[in-house]
Every structure is written in structure tokens, then in C-alpha cells.
1. Note the full-extension length gain between K62 and R115 as 0.36 nm times their separation in residues minus their Cα-Cα distance, in nm to one decimal.
2. Does anyone have the angle between helix 61-72 and the longest principal axis of the chain? Alpha-carbon axes, 0 to 90°, nearest 10?
3. Between H154 and E178, what length comes free when the chain is fully extended (0.36 nm per residue of separation minus the Cα-Cα distance, one decimal in nm)?
4. What is the log10 of I(q)/I(0) for segment 42-219, computed with the Debye formula using one identical point scatterer on each Cα and no solvent, at q = 0.10, 0.14, 0.15 Å⁻¹?
5. Once both axes come from the Cα atoms, what is the angle between helix 2-18 and the longest principal axis of the chain, in degrees from 0 to 90, rounded to 10?
6. Would you calculate a helix-derived [θ] at 222 nm for the chain, using -39,500 (n - 2.57) for each DSSP H run of n ≥ 4 and dividing by the full residue count, to the nearest 500?
7. Can you tell which of L35, C23, F56 lies farthest toward the positive end of the dipole of the chain, using +1 and -1 charges on the Cβ of basic and acidic side chains (Lys, Arg; Asp, Glu)?
8. With 31 Å as the limit, write out which pairs from K133/K177; K101/K144; K65/K205; K62/K177; K84/K182 have Cα-Cα distances beyond it, or answer none.
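No lab work stands behind these numbers, since they all come straight from the coordinates. Quick caveat: nothing in here was measured; it's all calculated off a predicted structure. Here the Cβ is made from the backbone with ideal geometry for all residues, glycine too, and neighbour counts use every protein chain on show.
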Amino acid sequence: MEFFSILYRGAEKTLSFLFPRRCLICGRDGKDLCLACIETLPETYGLHSGYIHSAFSYNDKKVRKLIRFFKYRKRKEVGEILAKMAFNAFSEDFAEAMLFKGSVAIVPISMPKRRVYVRGYNHAEIIAGVFSKHSGLPVVQALKRTRSGKPQAHISSREERKENARGIFSVPDARKKEIAGKTIFIVDDIVTTGSTIEDASRALKEAGAQNILAFTLAATPR
Ligand SMILES: [Zn+2]
């Protein structure tokens, strides 16, 4: 394992020397996403539905491309840039929460271990980390997967997605005291039907969460 990881890191260095990073949108050398292109991204927008807030529309071509790089091609930096933009879009909610630091916690949607291994990281955790860095609010890994469920992106029917997401999360006893009586900010990358977030919300409420808001980078239209 170790050996391969060293080999991989070596290869990655060589590759970035031979193929320097280019902006994923315009192709200019330098960063994953250049400043000029950041400025061409659509305005972040507010609400998705009820307690779920999303920064971007997944319908936007550029946004979709960037999120795919973040999700499926291990471009963490892209996710961090989008997360910072999303944080700015949600600044009102976070500013209010920062006044009550002890009673608000950020909880990323957890991913099955196998999938974290394949994808390289849990995207929700990266986003949660950025929100925490800028707000000072703690991240609590409170959601345990009781079963893995299929990736929601692989299921087309809304009813099936709902069924697939039912009862997938629970809060371990050891985490309950960090949840009980608090306002919880659930964090995920994309919201589609909202059924994953709904199930997370159910588990957190059962663990005593008082108030729940959810924040995602993007929303797909229902
Ligand atoms: Zn660019």
C-alpha cells in the first residue's frame, strides 16, 4: 500500500511537471480555476426548498463541470473554491450562527467508506471544512451510515431515491451530546430530491437536534 502510494505521489509530481495545471474552464496555465473564470460563474443564489439552501444551480454548465471534477476526478481545490463562494452566499445564516457558537454544529453527510476510498475524499467533509474554517463553527461527524444505499446519482426515479435513502443514517451514542439541543447545519455537495438530507435530518432530530438547516453547493431542479 505504502509503496504504491509513494509511487503514485511520484507519478503525480512528474505529471504536474509535464502537464502543468490548467484552468478547467478556459485552459490557461496556473490553477484549477483562474480568477477570470471565477468571475464568469453565475451569481450564487439562495434557496432551494424549505430548510435546504443551495449556492449554485447544477443546471449551469460551468458549475456542473467544476462539480464533476471535484466529485469524480479528485480536484479538491475546485471544491474548496466553490465552497468558499457558497459560504459567501450563505453569509447571513453563518453570521447569525457565529453569534451562538456553542450551540451550532456543522455536520457533513457521510459517505460509505468504500466510496470515500474510490473518490479520494468525502466531498461533504471538504465543504464542511471550508465552512468551519471561515465561521469557526465546529464540524461534528455525527452521521453514521447504517447501510450504504446506492449512489443517489445512479437512480432516476424520485420514488426510488426516496426509498433508497430511508433509514440510512443514525447518530452514534457517543456523538449525541454534541448534537442534542443544538442547531445543526447539514452540509452536502448536491441536493436533488432532498431525500438524503431528509433522512440525515430525521436521524439528527432523533438524536435531539433542535433546529436543522442544510447547505449544499448546488441544487438540481426537482
Ligand atoms: Zn480560466
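1. The K62-R115 span can extend by a further 16.6 nm.
2. 80 degrees
3. 5.3 nm
4. So the normalised log intensities are -0.34, -0.70, -0.82.
5. Result, in degrees: 50.
6. -13500 deg cm²/dmol
7. Working it through, the farthest residue towards the positive pole turns out to be C23.
8. K65/K205; K62/K177
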